[in-house]
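Some notes on the structure that comes next.
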Amino acid sequence: MPALTAEQIHQRVAAKFGEAISALSPPRKDPYFTIAGPRLVEVARFLREDPELRFDFLQDVTATDHPKEGVIKVVYHFYSYQHRHLAVAKVHLDRAKPEVDSLDGVWKAANWMEREIYDLFGVIFRGHPDMRRVLLPDDWVGHPLRKDYVEAGGYRGISNVRDNPLDQYLSLDRAVKAPAPAPVPSAVKPAEPPKGA
Amino acid sequence: MATSTDERKGYQHDPGASTALVTTSTGVLDQLINWSRRSSLFYLLFGLACCGIELMQTGGPRADLDRFGAVPRATPRQSDLMVVAGTLTYKMAIRCKLLYEQMADPKYVISMGSCANCGGLFQLSYSVVKGVDKIIPVDVYVPGCPPRPEALTEGFLRVQELVKREKLKQKQRPSRAPTDTGAGYAVPEA
């Protein structure tokens, strides 16, 4: 079977799930469609099992944060080694309480990638077998890739500030420069009267 | 017993004339101990990033750190020198401190590369320690990103110089405590 284009893939999925699938994005390198959060696992199973789609590989799961819109978008890249085609899908989540079903039951590859998103964005994947941080220490505070993340100020007593060794030279520079503007007018003014006189 | 003057005289750093200047028995003993210590500084394999690759190269046949008696060890229990080679994250910092504490005294630390020195390229990152000296005392800083094997060899020779000047009586080596004035990295108001 030949590889399907993004439009064909979208048509096939939309025909099956209707309302749960949004329109395809405007043409770009990898056009994407949005899946309604509650039906994600269903759609994913269809993508994997359907003989014409057969997405046997979950290439990537990542997320983006949009504070103005109040959403976190989880981005899925599906790839089919059998048909050599790619599909990109997004799920929009409420930023205040981002929760979505885990795809670990469909592709095992989702396990660590979802943990990483939990670690860095704070998205909770329901039904995930091991929802822990994967990169940062377990007692880390906050989710650093959120736009409104503020550093806690060090970790376990280790300071997160360091003096800039150039500061002393900067202050020397200022000490030299600061008096300079003041003498200039006074230096000019006495210089002018002698010329006039 | 040696007088303080004799002692000081004996420890003047002058590689050529050091034997002639040593006048006391403790001095001879010190010299012997320091000679054996600095000639067998086993270093802990602690490569954290790309500096670790240069560390391996330094131990390899071309730079050959082995000719100074430095052999890589895979356990802190057998190590005298810790070469912190690479970017230290907060998660790893806990382990780094633990490994340092497991080493037997006397112990030395080389901070290798910009990341280990001050956080380097990743200084403004949320997860990177702003210098190894925030958690353990550092003896020698080797600049570079990453430093060439020649630079690390030079750093190692500096550690040997430190060992050479040690005294047996002085139980604890003067180590610089991690200092932090809390001034931060931000440039002060102009």
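Quick rundown of the values:
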| item | result |
| --- | --- |
| Any chance A:Phe57 is surrounded by 15 or more Cβ atoms within 10 Å (Cβ to Cβ), in contact with a Phe, Trp or Tyr (Cβ under 6 Å, 6 or more places away or on another chain), of a type outside the set (Ser, Thr, Tyr) and touching a residue at least 12 places away in the same chain (Cβ under 8 Å) | yes |
| Close pairs from segment B:87-111: first within 14 Å of another protein chain (Cβ to nearest Cβ), partner part of a helix (DSSP H, G or I) and of a type in the set (Gly, Ala, Ser), Cβ under 9 Å, at least 6 apart | B:Thr87/B:Gly113; B:Thr87/B:Ala116; B:Thr87/B:Gly120; B:Leu88/B:Ala116; B:Ser111/B:Gly155 |
| Helices (runs of 4 or more DSSP H) within segment A:102-197 that include 2 or more residues modelled with pLDDT of 75 or more | A:110-121, A:167-177 |
| Of all residues making up segment A:20-41, the number that are surrounded by fewer than 16 Cβ atoms within 10 Å (Cβ to Cβ) and not in a loop (DSSP other than H, G, I, E, B) | 1 |
| Residues of segment B:126-159 satisfying the condition of being buried (at least 18 other Cβ atoms within 10 Å of the Cβ), part of a loop (DSSP other than H, G, I, E, B), within 14 Å of chain A (Cβ to nearest Cβ) and not β-branched (Val, Ile, Thr) | B:Tyr126, B:Ser127, B:Lys130, B:Gly131 |
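The values are calculated or read from the model by the stated rules, or taken from the named source; none is laboratory data. Owing to the predicted nature of the structure, the values given are computational and were not obtained by experimental measurement. All Cβ positions, even for glycine, are placed from backbone atoms using ideal geometry, and neighbour counts span all protein chains on display.
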